[in-house]
Amino acid sequence: MRTIFSPRQLFALLFIAVCAYASSASAQISFKSGAMGSSLGSASNVVTTPRVRAELVAHAPDGLAPGASAWLGLVLTHQPGWHTYWKNAGDSGLPTELRWTLPAGMDVGEIAWPVPHRIRVGPLANYGYEGEVLLAVPLQVSQAFKPPLLAGAADALTVRLHASWLVCRVECIPEEGDFELAVPLRGSTAGDAARFAQAAAQQPVALAGASTVRADGERLHWRIAGLPPALQGKALDLFAETPSVLVPAAESGKDWTQRWDGAVWTADTPLSPERDAAPRSVPAVLTLADGKALGAAAGWRAVATVEAGWSTGAPRAEVSPALAAALEANRTAAPPPAPAAAPSLAGLATALLGGLLGGLLLNLMPCVFPVLAIKLLALARHGGRPRAQRLAALAYTVGVVLSFLALGGLLLALRAAGEQLGWGFQLQSPLVVALLAGLFTLIGLNLAGVFEFGQFVPGRLATLQARHPVTDALLSGVVAVAIASPCTAPFMGASLGFAVAMPAPQALAVFGALGLGMALPYLLAGFIPALAHALPRPGPWMGTFRRAMAFPMFATVVWLVWVLGQQSGIDGAGALLALLVAGSSLVWTLTLRGRTRLLLGIAAVAASAALLLGLGPNVVRMLPAGGTSVATSQAWQPWSAARVAELTASGQPVFVDFTAAWCVTCQYNKRTTLADPEVLADFARRKVTLLRADWTRRDPAITAALTQLGRSGVPVYVLYAKGKAPVVLSEILGKGEVQAALAGL
């Protein structure tokens, strides 16, 4: 019988993939402290602090040819309770600043500030953003710009940004970061199109009507014309772009009044006592007082001409007293977080039992199926040899348990260092996804009989698998865990949620229980003769079975390419497919003999090198980065913690799907229960807002929300309603379960 691709070799490739991810994660948590906050030690397109995740993104669907227009932007994702500021920060705060370094022939405009909302802190009020916000700037390529003549690795331009922002909750912490992003010249960069479209929808609509403002003592009288007729009669809110004109904390109906004079909106507001001399005009943004949008418009921008000016008021400090006090308080190092409290014996026992059951059920998850080929062939190979079966079962169990402990230890270490990570974090890296796709392609080619590992190495090395079956079984367990790790089975989600909040020894015990549960069926088969005798005996069928199992491996490659496409766009997925084809042709040529092997081998190497050079910018998209790019269907809206809080506060029930493209269970639920017409009709009948939290790439805000729910991986399904505790549904979502939860509303 032919030798299967050795797990010893698979383990080496998997180790490289995990190390590549771990190094990228550690780079993101090694930010240095400065006098004004935190910045990343080495430039990347993502900077993560304990309060904010900042990501440099681009939108250039037509490339960067001379005369082209595109967009750059900084995405700020705030941890719950934290916020940054608008161009006019209000009573305190500082706006985010972006300083760009661009190639010659390119220029950016000013920040296209989204409509802000008022954030009250005690007696003060600020203007700013919570949840996720994209600060976009237009990019213009001049006609004089000269791109490189040859397409290749240089066919991308590097954009650099130094950004600084002030993030506040009650305390305020200045932070900064250096960012770097390679933008393809000729390829399409549109992976963040949904983000830029949402940012465009949050821009205020410019008004054409003539608007005025005049001072009368300590009051301002506004007349805003050109507003949509649908707004007439509705209460509005007013934000002046010029600082120290309005009193940010003033409340409509109490401190100022408004009314409609036909089609003209008028208001009488207090004038800020810290005002500067009157300008010639005051740009202002108006929104509906309830914060809702009107159609596609989130707000409207008027430039009011100053008809009667005002004198300067009291001297104004450069930084408000509240902010100065907060900055002074933050100069003293914060005390270290308290260590996690030891769980009760009953709580630990429950978590261990849940981990054992979750690991056992993990064998039934669809993402684990491809590895069954290696497991079944290994068990059948020892048929009739009880001692060999027991040793193989023990070694496999040790490999699985040690892998779970190593993965759990890495997860706990990165979380302790400040990273917002959860179960399945390694597949949030496009580089790891690409490496796994290459690995599974090799496994599939080997199972299909295209090549044998022994053809490429000396005979003694090729027979290592047969001479050391125990080591081979142990490494098979490592491979199985690497494939199974993105999945979350029933009972497993709650146990992982408990584990990440426990002290390290107890947490590792839960991860060990997960590994034992996953290995348990094979451990029992090795030690119980009746189960071992039920296994098929070795024979010619194994060759047919082996070749048949190549197809699940290739199906896994299709899934991984799709995942990478969700993370890096269609160009990144196309680059990976091209590299997989080139690599497969190279492997095939190595099976040939004589001059044909030499000639075709040289051609395959040359083709692979040409692809790497030509697809350089698209290969860059496979490098580790943060953020999500999966588009949401029309029925579903993007998730944010602020959006959930806003909807539930207004009495609107909310259903949240915490998902990821690399989670097969998530995709199964999405295409079955969550696509069922009766379930969707029930959602619509009860006016439930559907939000989708996409965790395909790392997102600290989603990780924090999962932690609050006691979970550390996806899928997670939650139903929120005003005045009720969140209802967390099971990982394998059933139609009846969803409808029962909705009936509880």
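The values are calculated or read from the model by the stated rules, or taken from the named source; none is laboratory data. Computed from a predicted structure; not experimentally measured. Virtual Cβ from ideal backbone geometry, glycine too; neighbours counted across all protein chains shown.
Each residue in segment 523-547 was checked for being among the basic types (K, R), surrounded by fewer than 16 Cβ atoms within 10 Å (Cβ to Cβ) and modelled with pLDDT of 75 or more, and 1 of them qualify.
From D694, D682, D676, which residue is modelled with pLDDT of 80 or more, on the phi < 0 side of the Ramachandran plot, in the same structural domain as P653 (by TED's automatic domain parsing) and in contact with a Leu (Cβ under 9 Å, 6 or more places away or on another chain)?
Values: D694 fails: in contact with a Leu (Cβ under 9 Å, 6 or more places away or on another chain); D676 fails: in contact with a Leu (Cβ under 9 Å, 6 or more places away or on another chain).
Of D694, D682, D676, the one residue that is modelled with pLDDT of 80 or more, on the phi < 0 side of the Ramachandran plot, in the same structural domain as P653 (by TED's automatic domain parsing) and in contact with a Leu (Cβ under 9 Å, 6 or more places away or on another chain) is D682.
When the residues of segment 570-586 are filtered to those that are closer than 11 Å to A437 by Cα and either among the β-branched types (V, I, T) or over 22 Å from the mean Cα position of the chain (by Cα) (or both), the one that is surrounded by the most Cβ atoms within 10 Å (Cβ to Cβ) is L579.
In the set (1) in contact with a Phe, Trp or Tyr (Cβ under 7 Å, 6 or more places away or on another chain); (2) under 30 Å from P123 (Cα atoms), the condition left unmet by L161 is number (2).
Against the numbered list (1) modelled with pLDDT under 90; (2) over 30 Å from V245 (Cβ atoms); (3) charged (D, E, K, R), E180 comes up short only at (1).
Which members of segment 648-673 meet the condition of being of a type in the set (A, V, I, L, M, F, W, C) and either without any contact (Cβ under 8 Å) to a residue 60 or more places away in the chain or assigned by TED's automatic domain parsing to the domain that holds N363 (or both)? Before you say what the answer is, go through the steps one by one.
Looking only at segment 648-673, we keep the residues that are of a type in the set (A, V, I, L, M, F, W, C), and these are 649, 654-656, 658, 660-664, 666.
C666, the sole residue that qualifies.
Listed by position, the strands (runs of 3 or more DSSP E) inside segment 35-131 whose residues that are under 30 Å from E274 (Cα atoms) and among the charged types (D, E, K, R) number at least 2 are 97-101, 117-121.
Of the strands (runs of 3 or more DSSP E) entirely within segment 238-307, those holding at least 1 residues that are acidic (D, E) occupy 257-261, 264-270. Filtering segment 646-663 to residues that are hydroxyl-bearing (S, T, Y) and crowded, with 22+ Cβ neighbours inside 10 Å leaves only T659. Sub-6 Å Cβ pairs linking a first residue in segment 382-395 that is at pLDDT 75 or above to a second residue that is part of a loop (DSSP other than H, G, I, E, B), at least 6 apart or interchain, are A388/H382; Q389/H382; A392/H382, ordered by first then second residue.
Looking across L580, L598, L592, L613, one residue alone is modelled with pLDDT of 70 or more and not in a loop (DSSP other than H, G, I, E, B). It is L580.
Condition test on A645, is it assigned to a helix (DSSP H, G or I), at pLDDT below 90 and not basic (K, R)?
Values: assigned to a helix (DSSP H, G or I): yes; at pLDDT below 90: yes; not basic (K, R): yes.
So A645 passes the test.
Considering only segment 690-732, state which residues are in a loop (DSSP other than H, G, I, E, B), in contact (Cβ under 8 Å) with a residue 24 or more places away in the chain, of a type outside the set (S, T, N, Q) and more than 21 Å from G355 (Cβ to Cβ). Even if it seems obvious, please write down each step before you answer.
Going through segment 690-732, the residues in a loop (DSSP other than H, G, I, E, B) turn out to be 695-699, 709-715, 721-726, 730-732.
From what's left, in contact (Cβ under 8 Å) with a residue 24 or more places away in the chain: 695-699, 709-715, 721-722, 730-732.
Next, only the ones that are of a type outside the set (S, T, N, Q) stay: 695, 697-699, 709-711, 713-715, 721-722, 731-732.
Result: W695, R697, R698, D699, A721, K722.
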